[in-house]
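Heads up, the thing below is written out as structure tokens.
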Amino acid sequence: MDFWRLGLIGYPLEHSLSPQLHLAALQAVNLPGEYVLYPVRPLPPGQSELVGLLLQVWRGELSGLNVTIPHKQIVLPLLDQLTPAARAIGAVNTIWCEDGVLWGDNTDAPGFEADVRRFLGSDFGRLPYALVLGAGGAARAVVYALAQAGWAVTIAARRLEQAEALVKSLQPAVTGTLTAVSLSAHVLADKVAGMGLIVNATPVGMTPKTLASPWPGVTFAEDTAVYDLIYNPRDTRLVQDARAAGVRATTGLGMLIEQASLAFTRWTGQQVPYEVWRDAVSEN
Ligand code: NAP
């Protein structure tokens with residue numbers, strides 16, 4: 001390929017870190033190219049714009065696309081083939097064309113798994129019980145990744161029916177046992193003991209509402225670790241509270257890097273060292 005035409009479809013996109021990540025990666029492996037933001041609204045005329053961009057990938061005019069909110073599910077019926085992860089999760093964040101076939105993958109799930117393995121080190125799977133807060137798109141990827149790695153996962157959502165729907169749709173595709181509960185203090189007080197990992201997959205605590213926490217004040221179990229998917233701010237209220245209680249905790253910048261790195265390798269076949277990705281966003 002003479003020039004790599006990459007980009008991101010979503011809305012809104014002003015705060016996306018993806019251009020600086022992928023431009024640094026292209027530069028690191030000496031590939032000429034660009035990474036363009038395509039802010040596409042979910043409603044008409046956005047849909048025809050979306051179809052137009054997918055056609056450009058199919059014709060080879062674009063080399064590959066990332067997809068984010070609100071299009072991760074909308075693109076599913078517009079693609080020819082889905083990877084098993086994208087099909088089970090029901091969301092796509094990476095698109096490319098191979099031999100005239102338009103493919104969709106979900107790199108959030110393996111991206112999360114790679115980063116949580118780095119975070120937990122040899123403790124990954126030692127206490128294979130996880131509690132995931134939220135039952136939206138990111139929660140689906142996290143639950144899929146953990147349950148495929150053999151974890152039993154409890155999903156806590158403020159709307160119990162959303163957690164129950166997630167369990168019903170994902171359980172047939174994964175090995176670990178899934179359970180749905182309400183995200184409330186008295187329910188979680190019963191669940192925290194024995195949890196090796198608590199994951200925040202809600203947007204609560206994101207900039208600008210950085211004083212908020214999704215955790216309802218229940219005492220953390222001694223052996224647990226906290227992974228907050230939010231990466232803006234770098235240390236969320238949840239992460240600060242967990243550390244103050246003596247619990248290991250991290251935000252989700254590593255997952256952002258890993259999902260980008262997997263998408264980049266999918267498009268270009270090139271592996272870029274982790275430090276390149278990390279340095280690309282270290283100033284944010
Ligand atoms: P989403 O599809 O909108 O799902 C959000 C979930 O959080 C839903 O279950 C929602 O419930 C729940 N929620 C929202 N506000 C809540 C509140 N005040 N209290 C309790 N629950 C609440 O969003 P998403 O795509 O899953 O993203 C979730 C978070 O993950 C975002 O902060 C996003 O930036 C982050 N994320 C990070 C990465 C990474 O690479 N680190 C990747 C993907 C996502 P309702 O449906 O009832 O509102």
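The values are calculated or read from the model by the stated rules, or taken from the named source; none is laboratory data. Computed from a predicted model, the values in this text were never measured in an experiment. Neighbour counts run over all protein chains shown; Cβ positions are idealised from the backbone, glycine included.
Computed quantities for the displayed model
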read-out: Any hit, segment 220-229, residues being outside any loop (DSSP other than H, G, I, E, B) and either over 21 Å from the mean Cα position of the chain (by Cα) or not assigned by TED's automatic domain parsing to the domain that holds Ala157 (or both); value: no
read-out: Only one of Ala147, Ala109, Ala130 that is more than 16 Å from the ligand (Cβ to nearest atom) and surrounded by 17 or more Cβ atoms within 10 Å (Cβ to Cβ); value: Ala147
read-out: Cross-chain or 6+ apart pairs with Cβ under 7 Å, segment 157-172 first and under 22 Å from Ala85 (Cα atoms) and more than 9 Å from the ligand (Cβ to nearest atom), then among the aromatic types (Phe, Trp, Tyr) and in a helix (DSSP H, G or I); value: Leu170/Tyr144
read-out: Search result, residues across segment 244-259 that are assigned to a helix (DSSP H, G or I) and within 16 Å of the ligand (Cβ to nearest atom); value: Leu253, Gly254, Met255, Leu256, Ile257, Glu258, Gln259
read-out: Residue identified as touching an Asp or Glu at 6+ places or on another chain (Cβ under 7 Å) and not assigned by TED's automatic domain parsing to the domain that holds Val92 among Leu131, Leu160, Leu146, Leu127; value: Leu127
read-out: Top-ranked residue of segment 87-103 - restricted to ones that are more than 15 Å from the chain's Cα centre (by Cα) and assigned to a strand (DSSP E or B), ranked as nearest to the ligand (Cβ to nearest atom); value: Ile95
read-out: Check on Gly194, more than 10 Å from the ligand (Cβ to nearest atom) and under 21 Å from Ala147 (Cβ atoms); value: yes
read-out: Subset of segment 263-277 that is surrounded by fewer than 14 Cβ atoms within 10 Å (Cβ to Cβ) and of a type outside the set (S, T, N, Q) - its residue that is farthest from Leu26 (Cα to Cα); value: Glu275
read-out: Output for segment 23-53, where each listed residue is at pLDDT 95 or above, closer than 24 Å to Pro77 by Cβ and hydroxyl-bearing (Ser, Thr, Tyr); value: Tyr38
read-out: Single unsatisfied condition, Gly196 versus (1) within 24 Å of Ala91 (Cα to Cα); (2) surrounded by 19 or more Cβ atoms within 10 Å (Cβ to Cβ); value: (1)
read-out: Counted residues, segment 204-222 - those being crowded, with 16+ Cβ neighbours inside 10 Å and either of a type in the set (Asp, Glu) or near the ligand (Cβ under 9 Å from one of its atoms) (or both); value: 4
read-out: Conditions (1) at pLDDT 95 or above; (2) farther than 17 Å from Trp267 by Cβ; (3) basic (Lys, Arg); (4) outside any helix (DSSP H, G or I): number failed by Arg5; value: (2)
read-out: Flag if Arg234 is closer than 20 Å to Val116 by Cα, more than 11 Å from the ligand (Cβ to nearest atom) and touching a strand residue (DSSP E or B) at 6+ places or on another chain (Cβ under 8 Å); value: no
read-out: Residue identified as within 30 Å of Val101 (Cα to Cα) and buried (at least 22 other Cβ atoms within 10 Å of the Cβ) among Ala242, Ala280, Ala260, Ala225; value: Ala260
read-out: Any hit, segment 30-51, residues being without any contact (Cβ under 8 Å) to a residue 60 or more places away in the chain, surrounded by 15 or more Cβ atoms within 10 Å (Cβ to Cβ) and within 16 Å of the ligand (Cβ to nearest atom); value: no
